[in-house]
Each structure stands twice: as structure tokens, then as C-alpha cells.
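Here the structure is laid out as C-alpha cells; the discussion comes afterwards.
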Amino acid sequence: MSEQTQTQDEKNRVIIFDTTLRDGEQSPGCSMNLEEKLRIARMLDTMGVDVIEAGFPIASPGDFEAVSEIAKTVNNAIICGLSRAKAGDIETAAAALKEAKRKRIHTFISTSPLHMKYKLQMGPNSVIEAIHESVTLARNFTDDVEWSAEDGSRTEDDFLCQCVETAINAGATTINIPDTVGYAVPDEYYRQIKMLFDRVPNIDKAIISVHCHNDLGLAVANSIAGVQAGARQVECTINGIGERAGNAALEEIVMALRTRHDVMPYHNNIDTTMITKASKTLSTTVGFSVQPNKAIVGKNAFAHESGIHQDGMLKNAATYEIMTPESVGLNKSELVLGKHSGRHALKSKVEELGYELGDNSFQDLFKRFKELADKKKQIFDDDITALIEDEMATEHDRIQFVSLQVQAGSKGPQVAELEIEVDGEIKRTRVEGNGPVDAIFKAIREIEAHPDARLQLYQVHAVTGGTDAQAEVTVRLEENGRTVNGSGADADTLVASARAYIHALNKLMTKRGKGKPDVNP
């Protein structure tokens, strides 16, 4: 490859900055414990994500620990910690990132007239001074400093140019212009990014980044518009999770750039065959089901029901598919295992699906697989994946499901006999309820009291087709303003319900006392 081609190739490389563990975790109910964050971080690193924003270290001891452990664990990606334009934030982020092989401090401050007046209660000159001081301090700890203009899309052009120039002069190597409240439209956002390239004299000394929220459903479109205007970093999350309506979805950004390379000659380092697994892993971890018609990773993304579409697909898949299911790691769900399959067969399938399990987790999985095989005539890849994800999501929980017997029917009473393990101790109870699910949830509450928690969501969907399909249940609990989601899978919907509630309760215990400063760049 010639030097000129290499230079052009580098100019067209888009850095993928994943903020699932920071901005994504700000979604109500999306809190993750340390083991879950480490698992997601390792997955993102294997996928080829360039920068992992691991958290907001000043927010809590738990956030600090998570960033610190991820910094020690991840081998390839740059590990990033977020901080406000405050010395304490920056110093704490630096301490958390100390052992990272490659590290970045990401500091931000609001720049729009609305935010400066009502949120910061600061004037423009004070904001400029804070930018210079915060970036300068961050550079004392690392050469890789990112600065963000919170509410950048609603910031006046002249002032935004002044802020960006100040940040670069102070040593920022990446400049992020967030559409914090999802207000921009693509043409407007393109103009703003292009304006910075045209007017900021030292713009060539930094990479421009885009961070778009999805309040108007335009996060991906705005992000791509930013890239076309010259930005070379996109901040995004798996499944588009994030505060309010979420963020730009990593899978949509990556596949749009790959599929329409003819009009967008940009490339990135993401292994797209891991996209489906990443989506499922995150969905199970946080208990957020992906809507069936979600682009790229939804259950219907590659389904064709129309007779005309099916006819075209049979003749040539390209008639209705602009990308192949295999390109995002979605393989046809084949009948693979049955009740007579042994440990070796299951272990081979687990490895084929791209998972690694410890001995104890595998033994638990094998036991649940055998139980499922006794109930289902046909077991598909999706069934195995659901079991694996459920097992991995709950293996470190303090409270573990053991057994459940339910008496139900129209005559009543509906009764749940529940057995669970709490910190290694087996506890049992028998409770009546207004229906079997109510009885189960009351039984959990009786064993492990949590009087302030309220059930906000109870949702069931089938993993595969058929009346014997496994159920995946999502439960959302709210306690004193804290919201968590739990998930559970089982061929018995009631058992899946108990598993989901227990998973949510474990996450609620983790989240208690975890307050976070106001942050949303």
C-alpha cells in the first residue's frame, strides 16, 4: 500500500467510542454490578471497540472500582473515565485509570446559553477559564484528553469556536460536540461540525467526535452527518441504550457505514459478526428486551412474511436483504441438541456460540439444559443462548433461585411454595396470592423483605416459536428513585418470573446507596 493510500485510509477511519457502561447505564433500570461491567467490557474489547468509556469514577465507590478493574483487565481498547470540569473529578478519574494500558480522561462542561444560565450559573468567561484549567489539569495525568461541550448542538457558533480553540490549546486531543438533548436534525448538525473545521484555527490538532441522543429518533442520522462533515469518532452504545430515548446505536452506525460504503467511504475496527451476541448479552444483563423490529438486532430484522418478499428471497436473497444475517453474527437457529446429548456436545455448542464458562457455571448450565430437554421436543441455538445468558447474568447474585411449586387455576387459592438461597442459606416459604405470579412475588418479599420497592413492569416474551417455547421474563423494580431491571428464562413461565424478580432484587441491593452527580454530555 502506498504512503498516499495509507494516509487516505487513516483519514477515513472512524473511531468507535462505546459508552454503554457510562451513558448506557444512566438508563432507568440499567445499573450493572462489577462482574457484569467486566463482562461487557471484555466483550467490547474483543469486538474491536477503540475506546470504552468505563464509567464516572467520582460518582460512587462502586463506579471507581468498576473503572479501576476494567482498566486492569482490558488489553486493547483505550479505557476512558468521565469527569466534570472539577479538580476532584479529574484527579479521581486519573486514580481509577492508573493501571490502564491505554487511558483517556474525558472532561466536560455546558456551553449553551440555557445550560450556562440555569445549570451552571456561570458566565461565558468563567466557562472558558474552567475549560482551560480542567483540560490542563487532565493533561498532567495523560496525553489522551477528551473535552466535551455539553449541549453543544444548542451552543452559539462564536462561543463554541472559542471553547473548542481553548480546549485544544490546553491540550485536548479529542473534541466532542454532543447533541445532549437530541434536538438537532442532520443538516443542522452537519453544518455545525463543518463550521468548526472552517473556523477553528487549531482544529487540525484534534479529532472531532459526535455524541448524539435519540429523543427525535435522529441519533444515528445525526452521527453519520457528523462523520460526513469531518468527525472521526462516534460515541454510541450497544442496542442504543442510554438516558431518556437513548443514544446512537453502535450496531446501526457500524452496519450503515459498512453497507453503504459506496457513498460513505469510512471504515472501523469492529468485528460485525459479534454484533448479535453483544446485543443479546447486554439485553440479558440489564433486562431490556430488544424490540422485534429494531434495526440490525431485532428478532424481525431478517424475517420475511410477505409472500412477494418470500418469493424474491427464494430466488435471490439480495432482493430484500441489504446485508446478510451472517454478517452480524446471526446464524440460522438449527435443531442441535436433545435429551440424550451429553456434556461434551453441550460444551461444543457453547463454544460454537462464542461463550466461555467456568466449570461451576457449565455444570449449572448442563443441569438446566437437561431439565429443558425433558420439557421441550426441540432445542434450538436461541434456547441454549437464553440459558447461557441467564446463567452468566445471575452466577454472582447473593440470592439464588432453588425451586418453585405453584398451585393455580380458576377455583383458587393460588399458592406459591418457594425455596431460595440467600448468602448460602436455604430459605423456604408458602404464600397465597391474587394469581400465581402475585403469589410468587409475595413469597420472595416474605423471605427477603424490601417494603419500599414497587413493581413497575412485568413482561413476558417467547424465546422461540411453539407452545413449548422458553419464556424470557423482564421485571422492573423501583425503590426511592432507583430503578432496576431483572431478567429470567425458563420453559416454565412462572419459574422464569421468579428468576427475573430475584435477579432484579439482587441488582436493587447492589444499587442501594449509589447516588450519581448530574451528568449527561
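Every number in this text was worked out from the coordinates using simple rules, so none of it is lab data. Remember, it's a predicted structure, so these values are computed and weren't measured experimentally. Cβ coordinates were reconstructed from backbone atoms using ideal geometry, including for glycine residues, and neighbour counts include every protein chain displayed.
Using helices alone, I'd like the mean residue ellipticity at 222 nm for the chain: each DSSP H run of four-plus residues gives -39500 (n - 2.57), total over residue count, nearest 500.
-12500 deg cm²/dmol
Which of LYS277/LYS299; LYS72/LYS367; LYS427/LYS507 have a Cα-Cα distance over 22 Å? Intermediate values should be presented prior to the final figure.
Values: LYS277/LYS299 13 Å; LYS72/LYS367 34 Å; LYS427/LYS507 20 Å.
The answer is LYS72/LYS367.
With the Cα gyration tensor of segment 1-146 giving a ≥ b ≥ c as the square roots of its eigenvalues, does the rule (a/c under 1.5 for rounded; else a/b larger than b/c for prolate; else oblate) give rounded, prolate or oblate? Mind showing how you got there, number by number?
Numbers: a/c = 1.75, a/b = 1.18, b/c = 1.49.
It is oblate, given that a/c is not under 1.5 and a/b is not larger than b/c.
If I stretch the segment between SER348 and THR73 completely, what's the gain in nm (0.36 nm per residue apart, minus their alpha carbon distance), one decimal?
Once the chain is fully extended between SER348 and THR73, it gains 96.4 nm.
So what J values fall out for segment 379-384 if you push phi through Karplus, 6.51 cos²θ - 1.76 cosθ + 1.60 with θ = phi - 60°, rounded to Hz, Gly and Pro as x?
10, 10, 3, 4, 5, 5
Counting other C-beta atoms within 10 Å, which of MET264, MET32 has the fewest, and how do the rest follow?
Working: MET264 16, MET32 25.
Arranged by neighbour count, lowest to highest, MET264, MET32 become MET264, MET32.
State whether segment 345-429 is rounded, prolate or oblate according to the following rule on the C-alpha gyration tensor (a ≥ b ≥ c being the square roots of its eigenvalues): a/c under 1.5 gives rounded; otherwise a/b larger than b/c gives prolate, and the remaining case gives oblate.
oblate
Apply 1/(1 + (r/R0)^6) to the Cβ-Cβ distance of HIS450 and ILE426, taking R0 = 30 Å, and write down the FRET efficiency to the nearest 0.05.
Values: r = 19 Å, r/R0 = 0.65.
Rounded to the nearest 0.05, the efficiency is 0.95.
Residues of segment 241-281 with the amide nitrogen closer than 18 Å to a label point 7 Å from the Cα of ASN331, along Cα-to-Cβ, please.
Counting backbone N atoms under 18 Å from the label point, the list is 271-281.
What percent do you get for the relative contact order of the chain when only Cα pairs under 8 Å and 6+ apart count?
Values: 1048 pairs, mean separation 62.7, N = 521.
Over the chain, the number comes to 12 percent.
Restricting to Cα atoms and excluding each atom paired with itself, what does the Kirkwood estimate give for segment 333-393 in Å?
Mean inverse Cα-Cα distance, inverted, gives 11.4 Å.
Considering the Cα trace of the chain, what is its radius of gyration and what is Dmax, both in angstroms?
Cα-based Rg and Dmax for the chain come out at 24.4, 80 Å.
Can you tell me the dipole magnitude for the chain around its Cα centre, using point charges on the Cβ only (Lys, Arg +1; Asp, Glu -1), in Debye to the nearest 20?
Charge dipole of the chain: 560 debye, to the nearest 20.
What order, most packed first, do the peptides 50-59, 240-249 have when packing is the mean number of other Cβ atoms within 10 Å of each residue?
50-59, 240-249
Measure off 7 Å from each Cα along the Cα-to-Cβ vector at THR464 and ASN12, then give the distance between these two points in nanometres to one decimal.
The answer from the label model is 4.2 nm.
What is the fewest-to-most order of PHE288, PHE17 by other Cβ atoms lying within 10 Å of their Cβ?
PHE288, PHE17
So which lysines pass the test for LYS86, namely a Cα distance under 17 Å, with those fewer than 8 places away in the same chain ruled out?
LYS119, LYS516
Excluding residues on the same chain fewer than 8 positions from LYS205, give the lysines whose Cα lies under 16 Å from its Cα.
Cα-Cα hits under 16 Å: LYS11, LYS194.
Quickly work out the ALA87-to-LYS205 label distance, labels modelled 7 Å from Cα along the C-beta direction, and quote it in nm with one decimal.
Those two pseudo-labels are separated by 2.4 nm.
Tell me whether segment 237-309 comes out rounded, prolate or oblate; compute the Cα gyration tensor, take square roots of the eigenvalues as a ≥ b ≥ c, and use a/c under 1.5 as the rounded threshold. Spell out each step's value before the answer.
On the way: a/c = 1.78, a/b = 1.07, b/c = 1.66.
It is oblate, given that a/c is not under 1.5 and a/b is not larger than b/c.
For segment 52-211, what is the largest minus smallest coordinate of the Cα atoms on each principal axis, given in angstrom and ordered from greatest to least?
On the principal axes, segment 52-211 reaches 40, 32, 28 Å in Cα extent.
Sort 123-131, 474-482 for me by packing, meaning the mean count of neighbouring Cβ atoms within 10 Å per residue, highest on top.
474-482, 123-131
In the neighborhood of SER153, defined by Cβ-to-Cβ distances under 9 Å, what is the net charge if each Lys or Arg adds +1 and each Asp or Glu adds -1? Walk me through the numbers on the way to the answer.
Working: positive: ARG154; negative: ASP151, ASP179, GLU188.
Summing Lys and Arg as +1 and Asp and Glu as -1 gives -2.
Under a straight-distance cross-link criterion of Cα-Cα below 22 Å, which lysines are reachable from LYS511, leaving out those fewer than 8 residues away in the same chain?
Counting by Cα, and skipping residues close in sequence, LYS511 has these lysines nearby: LYS37, LYS442.
Using the basic label-point model (7 angstrom from Cα toward the beta carbon), what is the ASP271 to ASN293 distance in nanometres?
Result: 3.4 nm between the two label points.
Hey, fewest Cβ within 10 Å first, where do ASP187, ASP204, ASP179 land in order?
Ranked by crowding around the Cβ, least crowded first: ASP204, ASP187, ASP179.
Quick check on segment 17-286: of the DSSP beta bridges with both residues there, what percent are antiparallel, nearest 5%?
Working: 1 of 34 bridges.
Taking every DSSP beta bridge within segment 17-286, about 5 percent pair in antiparallel fashion.
If packing is taken as the average number of other Cβ atoms within 10 Å across a peptide's residues, how do 292-300, 135-143, 276-284, 219-227 rank, most packed first?
For the peptides 292-300, 135-143, 276-284, 219-227, the packing ranking is 219-227, 276-284, 135-143, 292-300.
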